[in-house]
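See structure below.
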Amino acid sequence: MGLGPRSPHKAGRRFPAGGKRGRGAKGSGRPPPDRRRPPGPPPDRSSEPALDAHPHLSPEALGYFRRALSALKEAPETGEERELMVHNVLKEVEAQALALATNRTGSEIMQELLGFSPLKPLCRVWAALRSSLRFVACHRCGVHVLQSALLQLPRLLGSPAEKEEDVEEEENGKDGPLETLEELVLGLASEVCDDFLFYCGDTHGSFVVRTLLQVLGGTLLESERARHRGSQSPDAQRAPARECKPTDFEVPETFLNRLQDLSSCFLKDIAVFITDKISSFCLQVALQILHRKLPQFCAHLCSAVISYLSSRNSSADGSPLLLFLRDQTSSRLLEQVLLVLEPLRLQSLFEDHFQGQLQALAAHPIANFPLQRLLDAITTPELAFHCAEPSSRQVACVPLFATLMAYEVYYGLLEEEGAVPAEHQVDMATARALGDVTVLGSLLLQHLLHFSSPGIILQSLGALTGPQLLTLAQSPAGSHVLDAILTSPSVTRKQRRRVLKTLKGQYVALACSRHGSRVLDAIWSGAALGARKEIAAELGEQNQELIRDPFGHHVARNVALTTFLKRREAWEQQQGAVAKRRRALNSILED
């Protein structure tokens with residue numbers, strides 16, 4: 001079928017193919033009298049293009065499509081007049097599909113017009129672009145038209161075929177029967193599959209592949225739809241494909257079969273999809289779709305990725321996979337692998353590659369991101385850190401999680417491989433100062449404290465000594481663990497008091513610390529009058545020290561320490577009034 005716009009006969013002069021002029025001669029642009037069109041159709045100003053040239057969209061045509069889109073937006077949502085207008089406008093879109101799709105403004109208009117399209121007109125527009133697929137898919141404007149066409153499938157797939165008018169049936173006969181939407185999608189998938197590496201590696205073509213994978217799987221990812229609506233620059237592709245809100249829709253079995261065929265193409269050139277920045281995004285999306293629709297094939301693809309990475313030359317500090325964790329492109333892919341990996345395979349991956357490397361990875365500016373995904377995915381972090389068995393070790397889980405160290409590493413034990421793990425020694429644990437709290441360790445603990453049953457974490461926090469809990473509260477990262485204790489709905493008031501009572505005797509040191517003073521302010525905010533008296537009494541013993549300290553004097557002012565020391569009765573009345581207002585506010589909020 002022809003690629004150029006359907007042009008009425010020109011009154012003006014034509015230029016031969018290969019001529020220097022890029023625009024056609026001026027003509028009346030009058031359509032055949034039997035052709036139904038909306039008022040003011042676009043005059044076709046494009047010349048008869050050379051064999052390898054692409055049509056040009058005239059300013060008059062662009063103005064027409066602008067007006068048509070505006071009219072459609074203002075027209076009633078239903079009615080025969082609107083249907084006629086939609087069909088007529090889309091006939092013009094079909095006639096100038098390639099010129100419209102490859103014009104920057106025209107592409108944006110065309111994307112919106114496709115959102116109004118019924119089934120048959122969309123198929124006609126798609127068919128008009130199909131023979132120029134490579135050019136359109138890799139064009140910075142055309143690619144978004146193809147994406148828009150694909151994203152209409154949840155709306156149109158399975159919709160009843162429309163009755164065609166006699167004129168349309170006659171036009172059908174020229175190029176044969178119109179392909180169905182299902183056939184067009186499967187045809188697009190076949191063409192992409194035939195040159196898979198090219199499309200995945202092209203900056204614009206990779207958008208088509210990623211959208212096609214979602215459509216074949218009947219799952220639209222929120223992150224990918226946002227990229228389509230937002231920036232069209234390559235930088236827009238850099239956002240990791242995670243935390244998505246997928247939207248599922250029914251697709252025929254042929255789509256899932258073709259999805260598996262298309263996904264098999266990744267295995268042929270797995271090294272490219274792991275190391276090439278653009279191609280890697282396609283594999284990341286494929287893993288998300290396969291995880292939902294074809295989990296066995298997803299596991300097979302994950303195994304292929306891990307096997308390839310594990311077979312490279314070993315790094316100086318352990319597993320060869322560690323090299324890829326520090327690479328910006330492959331680390332993004334590994335993030336996705338970790339999120340979709342089966343639990344048993346995840347545990348094996350940790351033991352083979354991550355164990356003993358958590359601190360080094362947490363400190364790395366790139367490797368810390370896949371490590372976060374690992375910690376998100378591990379459902380039993382006690383096994384990762386060797387504190388699940390024997391059960392006496394579970395009380396030590398907070399220091400291990402906070403520092404991202406395994407039990408034997410943290411306590412400096414020498415255990416032979418295969419030996420029965422030693423029981424936890426309380427004396428050894430209390431004598432050991434808390435290690436440096438990592439950002440990822442803090443995030444893990446905060447996450448666990450918001451679990452529905454954070455009992456083991458609270459038990460371990462309660463086993464910390466005063467100086468150890470003080471170190472946690474004074475740490476830039478660890479202080480947020482205390483915030484989670486104070487704010488988590490999973491932590492009861494009784495559990496909260498049991499943990500915080502360990503800080504008694506440490507309030508002055510807490511108040512004189514940059515991060516500790518913030519924690520103390522938060523504790524004070526939620527404390528009852530009796531607890532406030534205890535805190536104020538302990539701080540009052542070191543009043544002069546607090547006043548001289550840059551952080552302590554703020555705490556002293558917040559606590560109204562001078563009033564507490566000199567006019568206790570007035571202080572109690574003041575604090576009682578504050579507590580009463582807080583209870584009233586809480587009552588309102590609860591209602």
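The values are calculated or read from the model by the stated rules, or taken from the named source; none is laboratory data. All figures in this text were calculated on a predicted structure; none of them were measured in a lab. Methodologically, a virtual Cβ is constructed for each residue, glycine included, from the backbone with ideal geometry; neighbour enumeration extends over all protein chains shown. Just the protein is used for accessible areas: all its heavy atoms, side chains included, with ligands, DNA and RNA removed. Shrake-Rupley method; radii C 1.70, N 1.55, O 1.52, S 1.80 Å.
The table that follows gives values for the structure above.
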| quantity | calculated |
| --- | --- |
| Selection count, region 425-479, where residues are among the small types (G, A, S) and assigned to a loop (DSSP other than H, G, I, E, B) | 8 |
| Cβ-Cβ under 7 Å pairs, at least 6 apart or on other chains, region 406-432 side modelled with pLDDT under 85, far side assigned to a helix (DSSP H, G or I) and among the polar types (S, T, N, Q) | Y410/T403; E423/S392; H424/S392 |
| Pairs with Cβ under 8 Å, 6+ apart, first in region 263-283 and touching a residue at least 24 places away in the same chain (Cβ under 8 Å), second in a loop (DSSP other than H, G, I, E, B) and of a type in the set (S, T, N, Q) | I278/T203 |
| Residue that is open to solvent by 60 Å² or more (accessible area, probe 1.4 Å), modelled with pLDDT under 90 and of a type in the set (G, A, S), where the choices are S159, S131 | S131 |
| Among residues of region 86-118, those that are in a helix (DSSP H, G or I) and open to solvent by less than 40 Å² (accessible area, probe 1.4 Å), counted | 20 |
| Selection status of R134, out of contact with any Phe, Trp or Tyr (no Cβ under 9 Å at 6 or more places or on another chain) and among the charged types (D, E, K, R) | no |
| Selected residue [open to solvent by 50 Å² or more (accessible area, probe 1.4 Å), within 30 Å of G455 (Cβ to Cβ) and free of Cβ contacts under 8 Å to residues at least 12 places away in the same chain] from R493, R548, R567 | R493 |
| Filtered residue count, region 222-253, keeping only those that are modelled with pLDDT of 90 or more and crowded, with 17+ Cβ neighbours inside 10 Å | 1 |
